[in-house]
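One structure is given here, and the rest of the page talks about it.
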Amino acid sequence: MARPRSPAQRQAARRNGARSRGPRSPEGKQRASRNALRHGLFASVHLVLPGEDPEALAALRGELATAAGGEVLARWLADRLAIALWKLFRCDRLEAALGAMPARPQRGWLEAE
C-alpha cells in the first residue's frame, strides 16, 4: 500500500506541474497526440498507424463511397464501414503476429539467453 504524500511533496508536485505547458510546436503536438496510442483499435483520429498504407485506406473509403451512391446517409455508413473493415484487417495482422510469437515460458523457468 502506498504511503500518503507529505504536504511538502504535494506542494513540490504542484510547482513542477505548473511549469509544464505541454508541446508548443505543431510537430510536438502531433507526436504528443499519439502518446496513448497502442494498437489503434479504438482510435478515432489516428486511423493509419506507422507501417500501414494511408493510400490503401483512402482507396477502401473511395470504393465503398462509390458503391454507396449519392445519398448522404449511405455515404456516411460506407465511411464507417471502411473504418471498421480497416480495423478488422489490423486485428487479423495482430492475431497473425501473436500466433507467430513463441509461447511464454513457465514461471520460474529461465531461457539460456
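Considering only segment 11-48, state which residues are farther than 30 Å from R80 by Cα and surrounded by 11 or more Cβ atoms within 10 Å (Cβ to Cβ).
Passing the criteria: Q11, A12, A13, P23.
Return yes or no: is A36 at pLDDT below 90 and either in a loop (DSSP other than H, G, I, E, B) or under 16 Å from R90 (Cβ atoms) (or both)?
yes
Limited to segment 49-84, what total is found for residues that are farther than 24 Å from S33 by Cβ and open to solvent by less than 60 Å² (accessible area, probe 1.4 Å)?
Looking only at that region, the number is 8.
List the residue pairs whose Cβ atoms are under 9 Å apart, where the first residue sits in segment 88-100 and is at positive phi, the second is part of a helix (DSSP H, G or I) and of a type in the set (D, E, K, R), and the two are 6 or more positions apart or on different chains.
Cβ pairs passing all conditions: none.
Is there any pair with a first residue in segment 59-80 that is free of Cβ contacts under 8 Å to residues at least 40 places away in the same chain and a second that is surrounded by fewer than 12 Cβ atoms within 10 Å (Cβ to Cβ) whose Cβ atoms are under 8 Å apart and which are 6 or more apart or on different chains, and what are they?
Hits for this filter: R75/G69; A78/A67.
The values are calculated or read from the model by the stated rules, or taken from the named source; none is laboratory data. Predicted model, so just to flag it, every value in this text is computed and none were measured. In this analysis, Cβ positions are derived from the backbone assuming ideal geometry, glycine residues included, and neighbour counts consider all displayed protein chains. All accessible areas refer to the heavy atoms of the entire protein, side chains included, with ligands and DNA or RNA removed. Shrake-Rupley method; radii C 1.70, N 1.55, O 1.52, S 1.80 Å.
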